[in-house]
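The values are calculated or read from the model by the stated rules, or taken from the named source; none is laboratory data. The structure displayed is predicted, hence computed values, not measured ones. A quick note on method: Cβ atoms are made from the backbone with ideal geometry, for glycine too, and the neighbour counts reach across all protein chains shown. The area values use the complete protein model at the heavy-atom level, side chains included, leaving out ligands, DNA and RNA. Shrake-Rupley method; radii C 1.70, N 1.55, O 1.52, S 1.80 Å.
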Amino acid sequence: MNPFTQFVKDLSGRLGSGFSSLDQSSASNQAYIRNLEREIKEKNVLDLPLADLPVVVFDLETTGFHPYQGDRILSIGAVKVRGLQIEKESFYSLVQCRASISDEVTRLTGITKEMTEKAPLLEEVLHDFYRYIQSDVLVAHHAGHERKFMNHAAWTEMKRKFRHRLLDTNFLTKVNRSNQDLNSLDECCAAYEIPIDHRHHALSDAKAAAALWIQGVKEARENGYLTLGEVYTKLASFK
C-alpha cells in the first residue's frame, strides 16, 4: 500500500464513526492535495529533457474571460503526454454553472444552461481533476486564461492556492518560430498541420494543444533546446 493510501486509511480510522462519509471524503481530498503540493515543491523540472517531461495538457471552456468578475468554468478537458505520445486515458467533465451563459458562448461551445444544471459541482470536478493530473506539469495554449480560472477556482472551492507549474504552448512556438506571428490555437495548429476535430470543446482543444506541444518539443530539440531551462533562457533573450 502506498504511503498516501495508508495515510488516508489511518486518517479515516482516527475520524471514527462520529463523522459522516462526506467529512471523511473532504478530509481525504484535502490530504491528497497537500501531498501533491509537497511533490510539486520537491520536483525540479528545469533540467529534465523536454521529451521526458510528463505533462498534462488541458483546456477550459468558460462563460467569459474574467473569473473575478463573475465568469465561471463550464468544462475541463485534459490528456496526458508521455514520451511524446498522447495517452489514451483522458479527462473531461462539464461543470455545474450558476452564472448565466450567453447565446454567443453556447454557439461557440455547444454548452447550454440545461447541460450544466445536470453536471457535477466545480469542487467535485476539481478534486477529480487533481487526481487525474497528480503532480505533473500542466500545459495549455494561452495558459494565462487557464491560470486565472484555476487560481480563482482553487481558492474559492478549496481555500488553497493553485500550485501546479503551468506552461504555455506558445513558449515553444516563440522559440522555434520567432519570425512567424502565431498566436491563436487555430493559427498554431495550421502552421504545424494539426487538425482540430471539434473547436471550442475542452477535450478536443486539449488534444490539439497536446499535439502542438509534441511538435514544439520535437522542433525545439532539433534547434538545440533540450530542457525547459534552456527554453526559458532563450525566451529571456527576446525581452
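Remarks
- Backbone HN-Hα couplings from phi across the range 213-230 [Karplus 6.51/-1.76/1.60, Hz, Gly and Pro as x]: 4, 4, 5, x, 5, 4, 5, 4, 4, 5, 8, x, 9, 9, 10, 5, x, 5
- Förster radius 25 Å - calculated FRET efficiency between N151 and N35 (Cβ-Cβ, nearest 0.05): 0.75
- A crude spin-label estimate for the pair H198 and A27, with each label 7 Å from Cα along the Cβ direction, gives 4.0 nm.
- Nonlocal amide H pairs with D71, under 5 Å, H built at 1.01 Å: H66
- Accessible area per residue for the range 132-172 is 38 Å², calculated with a 1.4 Å probe on protein heavy atoms, without ligands, DNA or RNA.
- Amide H contacts under 5 Å for T62: L74, restricted to partners 5 or more places along the chain or on a different chain, H placed in the peptide plane at 1.01 Å from N.
- For L167, the residues 5 or more places off, or on other chains, whose built amide H falls under 5 Å of its own are L138, V139, A140.
- Considering only alpha-carbon pairs that sit under 8 angstrom and 6 or more positions apart, the relative contact order computed for the chain is 23 percent.
- For the range 28-38, backbone phi angles converted through the Karplus equation (6.51, -1.76, 1.60; θ = phi - 60°) give residue-by-residue couplings of 5, 5, 5, 5, 4, 5, 4, 5, 4, 4, 5 Hz, Gly and Pro being listed as x.
- Rel. contact order, % - alpha carbon contacts under 8 angstrom, at least six apart, the range 105-239: 23 percent
- Additional length obtainable on full extension of the chain from K43 to T106, 0.36 nm per residue less Cα span: 18.7 nm
- Sulfur and carbon atoms: percent of accessible area, the chain [1.4 Å]: 49 percent
- Calculated FRET efficiency for the pair N179/E123, C-beta based, R₀ 35 Å, to 0.05: 0.20
- Rg and Dmax of the chain, based on Cα coordinates, read 19.0, 64 Å.
- Restricting the calculation to Cα atoms, the range 78-207 yields a radius of gyration followed by a Dmax of 15.8, 46 Å.
- Reciprocal mean inverse distance between Cα atoms of the range 30-126 - Kirkwood radius, Å: 15.7 Å
- Considering only S93, I111, M150, and ranking their Cα positions along the charge dipole of the range 55-191 that arises from unit charges at the beta-carbon of Lys, Arg, Asp and Glu, the one farthest toward the positive end is M150.
- Modelled this way, with points 7 Å down the Cα-to-C-beta line, the labels at F65 and E222 are 3.3 nm from one another.
- With the alpha-carbon atoms of the range 153-239 aligned to their principal axes, the span from lowest to highest coordinate is 42, 33, 20 Å, starting with the largest.
- Using just its DSSP H runs of length 4 or more, each adding -39500 (n - 2.57), the chain gives a mean residue ellipticity at 222 nm of -16000 deg cm²/dmol after division by all residues.
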